[in-house]
1. Taking the residues in region 88-121 that are touching a residue at least 40 places away in the same chain (Cβ under 8 Å) and among the small types (Gly, Ala, Ser) as candidates, determine which candidate is surrounded by the most Cβ atoms within 10 Å (Cβ to Cβ).
2. So, in region 153-173, of the ones that are modelled with pLDDT of 80 or more and in contact with a strand residue (DSSP E or B) (Cβ under 6 Å, 6 or more places away or on another chain), which residue ends up farthest from residue 62 (Cα to Cα)?
3. Which condition does residue 1 not pass, out of (1) surrounded by fewer than 18 Cβ atoms within 10 Å (Cβ to Cβ); (2) touching a strand residue (DSSP E or B) at 6+ places or on another chain (Cβ under 6 Å); (3) free of Cβ contacts under 8 Å to residues at least 40 places away in the same chain, if it passes all the others?
4. In region 129-158, what residues are out of contact with any helix residue (DSSP H, G or I) (no Cβ under 7 Å at 6 or more places or on another chain), in contact (Cβ under 8 Å) with a residue 40 or more places away in the chain and part of a helix (DSSP H, G or I)?
5. Among the listed residues 37, 20, which satisfies the condition of being crowded, with 17+ Cβ neighbours inside 10 Å, of a type in the set (A, V, I, L, M) and either within 13 Å of the chain's Cα centre (by Cα) or modelled with pLDDT of 90 or more (or both)?
6. Can you pull out every residue in region 1-52 that is farther than 18 Å from residue 67 by Cβ and acidic (Asp, Glu)?
7. Identify, by number, the condition in (1) of a type outside the set (Asp, Glu); (2) surrounded by fewer than 19 Cβ atoms within 10 Å (Cβ to Cβ); (3) more than 27 Å from residue 16 (Cβ to Cβ) that residue 124 doesn't meet.
8. Any residue in region 50-78 that's without any contact (Cβ under 8 Å) to a residue 40 or more places away in the chain and crowded, with 19+ Cβ neighbours inside 10 Å: show its pairings with residues that are of a type in the set (Asp, Glu) and not in a strand (DSSP E or B) at Cβ separation under 7 Å, as long as the two are six or more apart or on different chains.
Amino acid sequence: MEIRNGRREDRPAIERIARASFDRVYAFFAIRGAHRARLLLIAEDDGSVAGFLEGMLFDGDPPIGYVYFVAVDPSIRERGIGRSLVGKALEHFHERRATRVFAAVPRDNESSMGLFGSLAFQEVPRGALWRWYRGRSLGVWMRMMIAPHEALLMRTFTDPSPASAQASPGPSS
């Protein structure tokens, strides 16, 4: 399996996998998001697209990483493809000096919650963005578009544990 940057010709496979992986609303946003993703990774297995990851890096000091969609072809799940995609995204964000990477996952999506948890992501209160990034967090928050039923997960590279953010959440917790 190879992880590579997405290309225009990957769009039909992304649409197929998104429709097979998500409900209609999430599939719509995943397909739309692939056109604008600053980070679009493709897992290719035996010459065909096996999965994709969409993410973005928010500029600033430090940059902020965000993974907003990960999907794997349902016929070949449980082979570590999602883990490989997220791992490659983490490398990408770390190389660009991000100290934290966020993901939003529906709380009832046990597979995704397990995947991110196994990669040292922890659930943090939504107010953590405000605590860590103050005014800059508003623009980040608006671009993330986290739904009420989603958990905000965070992985840190160099910052202290998010436990300190849980003690004093900001205005949107």
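The values are calculated or read from the model by the stated rules, or taken from the named source; none is laboratory data. Treat the numbers as computed from the prediction; the structure is a model and nothing was measured. We place every Cβ from the backbone using ideal geometry, glycine too, and count neighbours over all the protein chains shown.
1. Among them, the one singled out is 103.
2. Going through region 153-173, the residues modelled with pLDDT of 80 or more turn out to be 153-157.
Now drop any that are not in contact with a strand residue (DSSP E or B) (Cβ under 6 Å, 6 or more places away or on another chain), which leaves 153-156.
On the way: 153: 18, 154: 15, 155: 14, 156: 12 Å.
If we take residues in region 153-173 being modelled with pLDDT of 80 or more and in contact with a strand residue (DSSP E or B) (Cβ under 6 Å, 6 or more places away or on another chain), then 153 is farthest from residue 62 (Cα to Cα).
3. (3)
4. 136, 139, 143, 144
5. Among 37, 20, only 37 is crowded, with 17+ Cβ neighbours inside 10 Å, of a type in the set (A, V, I, L, M) and either within 13 Å of the chain's Cα centre (by Cα) or modelled with pLDDT of 90 or more (or both).
6. Result: 2, 9, 15, 23, 44, 45, 46.
7. So the condition that residue 124 fails would be (2).
8. 51/73
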